[in-house]
Structures are given as structure tokens and as C-alpha cells.
Amino acid sequence: MNKKLRVSQTEVAERAITRGLALIAFSSLSVLALITVFILREGLPVMLNLGIGEFLTGGRWAPSANAFGIMPMILGSVYVTLGALVLGVPLGLSCAVFLVELAPRSVAAALRPAIQLLAGIPSVIYGFWGLTTLVPFIRNTLGGPGLSILAGAIILGIMILPTVIAISEDALRALPRSYKEASFSLGASHWQTIWRVLLPAARSGIVAAVVLGMGRAVGETMAVIMVLGNAVQIPDSILDPARTLTTNIGIEMAYASGDHRAALFATGIVLFLIIMILTGTANLITSRR
């Protein structure tokens with residue numbers, strides 16, 4: 001009798017814990033749903049009034065003249081993000097390969113905490129370093145104002161390194177050891193094994209790392225505000241200043257009102273959709289892996 005009672009109490013406790021965890025999980029989803037509804041309610045009307053096509057493709061952002069075209073900000077986000085990927089992905093992937101395949105254990109054990117520390121540095125510190133060191137270097141070496149797409153791309157390239165390195169390293173470590181042993185048994189060198197066998201086999205995880213790094217770069221605000229120049233224009237060169245979707249919201253939300261404020265929320269809708277697409281793509285790639 002006592003044994004049955006104990007079993008019954010255990011089952012009740014397990015059910016209570018399960019329901020509590022489910023409630024916490026659904027509460028997180030409900031917060032996301034509330035944020036989504038709020039952004040859509042605030043920003044969708046102005047998008048419909050202006051026309052979605054005009055809002056997305058318009059080249060003029062002049063709130064005082066009721067002109068809300070975000071194409072310069074979309075292109076600014078694209079250029080800076082692509083620049084960050086060009087700089088950060090090869091470096092991050094090389095670092096992951098070094099940690100998994102080439103580095104001695106003591107060296108790898110020392111490097112991993114340092115790489116993880118990069119993720120914990122506040123973005124304003126990256127921006128401050130870029131403003132005081134990188135921007136003057138670009139201005140004195142390459143010309144232009146220094147506050148430019150190149151400066152933003154370099155800063156973001158450094159900021160996405162922890163994401164790219166960690167996920168790529170996990171993808172490489174998850175590969176069966178038999179892949180490497182089979183390659184060695186066929187006479188391949190260590191580098192040939194890495195290049196021809198391991199990297200192709202970990203391709204889905206590496207692509208997921210790139211996509212998540214892209215999402216990190218698209219969503220960054222503070223560091224980019226400090227080094228990008230924030231000019232509302234379509235840039236012609238990587239040395240030109242630009243403005244991204246996130247910096248547009250961060251700069252103008254404090255004093256915006258009326259349609260101007262609604263247009264910033266509409267900009268948030270576009271940014272929200274981009275992040276959702278990138279995250280969903282990464283999850284799809286990872287699940288296929």
C-alpha cells in the first residue's frame with residue numbers, strides 16, 4: 001500500500017513538473033507573440049498607407065516631408081553584413097579547424113575561453129575601439145571620412161567570430177572518427193583529409209554557423225552606430241558612410257512621433273522578418289544535418 005502511494009505521489013510530482021515546464025515554455029512563446037502583434041499593430045498601417053513597394057524600394061527618407069523609403073537602409077544592412085561575412089567567416093572557420101584538428105590540447109584549452117570572451121564584450125566597447133582606432137586608420141590610409149561601410153564590416157566581422165567558431169567547431173567534432181581514419185588509410189594527408197573529407201561532411205553545420213552569424217550581424221545596433229557614419233544614402237563605395245535598419249531605429253526612435261514613429265516600427269517589421277528567415281534557415285539546415 002505504501003509503495004503504491006509513493007508511486008502515485010511520484011507520478012503527481014512528475015506531472016506537475018512537466019506542466020510547469022510546459023507553462024514556462026509557452027510563456028516564452030507568448031512573449032514573442034505579444035512582441036510580434038505589437039510591432040505589426042504599430043507599423044503595418046503606415047506600410048499599407050504608403051504602399052509596401054514604395055516603403056521598401058523608396059530611396060528617400062525624410063520624415064518632415066512624410067517620405068519614408070528604406071531602400072538606403074536595406075542596402076546599408078546588406079553591404080555591411082556581406083562585408084562582415086567576407087571577413088569573419090574565413091577567419092572563424094580557419095580558427096575552428098585549427099582548434100579541432102591542428103592545435104595541441106593545451107593551446108586549444110587556452111584559446112577557447114579567449115574566443116568565448118569575445119561574445120561577452122559589450123558591443124559599445126567594440127564601437128568605441130572602432131571609433132578611436134579603426135576609423136582614423138581607414139581615414140589616414142585609404143581616404144574618405146573613415147566612418148564607413150568598411151569600418152562597420154570589420155567590427156561586425158570580429159563580433160560574429162564567436163558564433164561562427166563555436167558552431168563550426170561543434171559540427172567538426174560531431175563527425176565520426178571513421179571518416180578521418182578511412183581517409184588516412186587511402187593515403188590522404190592531414191590537410192587533404194580536412195579539405196576533402198571533414199569540411200564537406202560538416203557542411204550543413206558550417207552553413208548554419210554562417211547563417212546565424214549573418215543574423216548576429218544584421219541585428220547589431222550600438223557598435224554600428226558608432227562607426228558607420230549613419231548617412232541616409234545609397235553608398236557607392238565601401239569607404240562611404242551608410243545607415244542600417246537597426247541604426248535607423250536606434251537613432252530616430254527617441255524623438256519620433258506620429259507617422260515617423262510608425263515608419264520606424266515598420267522598419268522593425270522588415271528587420272524582424274529578415275531575422276526570422278535567417279533563424280528558420282539555420283534551424284532547417286541544422287535539422288537536416
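The values are calculated or read from the model by the stated rules, or taken from the named source; none is laboratory data. Not measured: the values here are computed from a predicted model. With ideal geometry, Cβ positions are generated from the backbone for all residues, glycine too; neighbour counts draw on all protein chains shown.
Kindly evaluate VAL270 against the criterion of being touching a Lys or Arg at 6+ places or on another chain (Cβ under 6 Å), surrounded by fewer than 22 Cβ atoms within 10 Å (Cβ to Cβ), at pLDDT 85 or above and of a type in the set (Val, Ile, Thr).
No.
Determine whether ARG243 is modelled with pLDDT of 90 or more, crowded, with 18+ Cβ neighbours inside 10 Å and not hydrophobic (A, V, I, L, M, F, W, C).
On the way: modelled with pLDDT of 90 or more: yes; crowded, with 18+ Cβ neighbours inside 10 Å: yes; not hydrophobic (A, V, I, L, M, F, W, C): yes.
Against the criterion (modelled with pLDDT of 90 or more, crowded, with 18+ Cβ neighbours inside 10 Å and not hydrophobic (A, V, I, L, M, F, W, C)), ARG243 qualifies.
If we keep just the residues of region 186-207 that are over 15 Å from ARG173 (Cα atoms) and in contact (Cβ under 8 Å) with a residue 60 or more places away in the chain, which is surrounded by the fewest Cβ atoms within 10 Å (Cβ to Cβ)?
HIS190
So which helices (runs of 4 or more DSSP H) stay within region 128-206 end to end and still have 1 or more residues that are among the small types (Gly, Ala, Ser) and either over 26 Å from LEU117 (Cα atoms) or in contact with a Lys or Arg (Cβ under 8 Å, 6 or more places away or on another chain) (or both)?
Filter on region 128-206 gives 161-173, 177-185.
Please enumerate the residues belonging to region 220-249 that are touching a helix residue (DSSP H, G or I) at 6+ places or on another chain (Cβ under 6 Å) and of a type in the set (Gly, Ala, Ser).
ALA223, ALA242
Do the conditions hold for ALA108, that is, is it modelled with pLDDT of 85 or more, farther than 17 Å from LEU245 by Cβ and of a type in the set (Gly, Ala, Ser)?
Yes, satisfied.
With respect to VAL78, is the statement that it is free of Cβ contacts under 8 Å to residues at least 12 places away in the same chain and in the same structural domain as SER237 (by TED's automatic domain parsing) true? Can you show your working first?
On the way: free of Cβ contacts under 8 Å to residues at least 12 places away in the same chain: yes; in the same structural domain as SER237 (by TED's automatic domain parsing): yes.
So VAL78 passes the test.
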